[in-house]
Amino acid sequence: MKQLTRVFILVFVVSFGILYLINHLNASEGYSGDKTVTIFNWGDYIDPALIKKFEKESGYKVIYQTFDSNEAMMTKIEQGGTTFDIAVPSEYAISKMKDENLLIPLDHSKLPNLKNIDSRFMDLPFDEKNKYSVPYFWGTVGIIYNKEMLNGKEITSWNDLWDKDLKNKILLVDGAREVIGMGLNSLNYSLNDRNKAHLVEAKEKLDKMTPNIKAIVGDEIKMLIANEEASVGVVWSGDAAEIMSENDKLDYVVPKEGSNLWFDNMVIPKTAKNMEGAYAFMNFMLDPENAAINTEYVGYSTPNKAALKYLPKEISSDTRFYPNPELTDKLEVYENLGKKMLAYYNELFLEFKMHSK
Ligand code: SPD
């Protein structure tokens, strides 16, 4: 009997020791959910100095991964096997993720800096009362163009992009909703059109633009336009703002037929392992000075009203990137069109991409 007790004690002590060792090793290598915050954000969408600042102030180590489309981000989270504590989807993706039960409701008492957000960006239809998300950046979709390379020709309409003089001069952002949306808008259809005949008509019209398309690209679009390798780009507003600050030959326009108004918000996915770390990061990014640092670095428009006073006037008063509600009210926000319809937009976009190669 004594022998058996000894064996039991030995097994208990050894197992406890192994467990302690595993835990300790994980923590020191930064794998413990308690010590790390894993962030999944768009590429080129944060000032790296802020990550360092957050790590220093909070004691957490940040693991940072990027994506280049809402679709890629959602697929990764839907598939499982990830441990993201924070993700930054756009509005229609937030609505879809919420429907698929992929998001954790937020405890606003842990986000005192939420008070800094302009009420204009709170409580929007895709996430009423901000139950699941808090604003990060916002903007429009529009056309950036090099006035000098176009010999003074002005661009005001989506339909200008079919002009024969623009042969091989246009870059498009690599986004299904943006590109199909451009076709829809040029025909005066809604960006949330669910009518398949309209969608096919838009795709066929886009096919006719292919001689003008130089490439469909991701974040490289900024470098290509800045280096004058293309004279026109269909871009998210913040990308235009970033390069225009260094090149006054460039201008940005939201076409007269209308365009997209979008919102990228921070969420805590169901995959989160470190809720306290996620709240700490969100609250840190909602701090006005941090939001201003990020805005200056990234170029996108901040929804943080209290941050505006820390920004140079030429940024905060540029109505191309801080359009007033009279303009934004006329723009359309993407809706969650449902799994099947979103897949149809993607299918048409892929066909268009093949066609334009
Ligand atoms: N550098 C990429 C920035 C991402 C901007 N998000 C745009 C969301 C459009 N729905």
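The values are calculated or read from the model by the stated rules, or taken from the named source; none is laboratory data. The structure presented is a predicted model; accordingly, all values stated were derived computationally and were not measured. For neighbour counting, all protein chains shown are included, and Cβ atoms are generated from backbone atoms with ideal geometry for every residue, glycine included. We work out accessible area using only protein heavy atoms, side chains counted, and drop any ligands, DNA or RNA first. Shrake-Rupley method; radii C 1.70, N 1.55, O 1.52, S 1.80 Å.
See the values below:
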item	result
Test: residue in the stretch 292-303 that is more than 15 Å from the ligand (Cβ to nearest atom), more than 18 Å from the chain's Cα centre (by Cα) and touching a residue at least 40 places away in the same chain (Cβ under 8 Å)	no
Residue pairs meeting the criteria (Cβ under 7 Å; at least 6 apart or on separate chains; first farther than 13 Å from residue 205 by Cα, in the stretch 341-357; second assigned to a loop (DSSP other than H, G, I, E, B))	341/194
Residue match in the stretch 176-191 (condition: in contact with a Gly (Cβ under 8 Å, 6 or more places away or on another chain), within 15 Å of residue 235 (Cβ to Cβ) and not in a helix (DSSP H, G or I))	no
Complete set of residues in the stretch 324-340 that are open to solvent by less than 40 Å² (accessible area, probe 1.4 Å) and within 16 Å of the ligand (Cβ to nearest atom)	328, 331, 334, 336, 337
Extreme residue, farthest from residue 52 (Cα to Cα), among residues of the stretch 258-278 that are surrounded by fewer than 20 Cβ atoms within 10 Å (Cβ to Cβ) and modelled with pLDDT of 95 or more	258
Of the criteria (1) touching a Phe, Trp or Tyr at 6+ places or on another chain (Cβ under 9 Å); (2) away from the ligand (no atom under 16 Å from the Cβ); (3) of a type outside the set (D, E, K, R), which one residue 126 fails	(2)
So residue 84, is it closer than 25 Å to residue 236 by Cβ and within 16 Å of the ligand (Cβ to nearest atom)	no
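This table checks each residue for (1) free of Cβ contacts under 8 Å to residues at least 24 places away in the same chain; (2) under 21 Å from residue 298 (Cβ atoms); (3) surrounded by 14 or more Cβ atoms within 10 Å (Cβ to Cβ).
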site: 197; (1), (2), (3): yes, no, no
site: 216; (1), (2), (3): no, no, yes
site: 224; (1), (2), (3): no, yes, yes
site: 229; (1), (2), (3): yes, no, no
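Residue-wise test of (1) within 14 Å of the ligand (Cβ to nearest atom); (2) modelled with pLDDT of 95 or more; (3) assigned to a helix (DSSP H, G or I).
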| position | (1), (2), (3) |
| --- | --- |
| 34 | no, no, no |
| 37 | no, yes, no |
| 40 | yes, yes, no |
| 45 | yes, yes, no |
| 57 | no, yes, yes |
| 74 | yes, yes, yes |
| 93 | yes, yes, yes |
| 101 | no, yes, no |
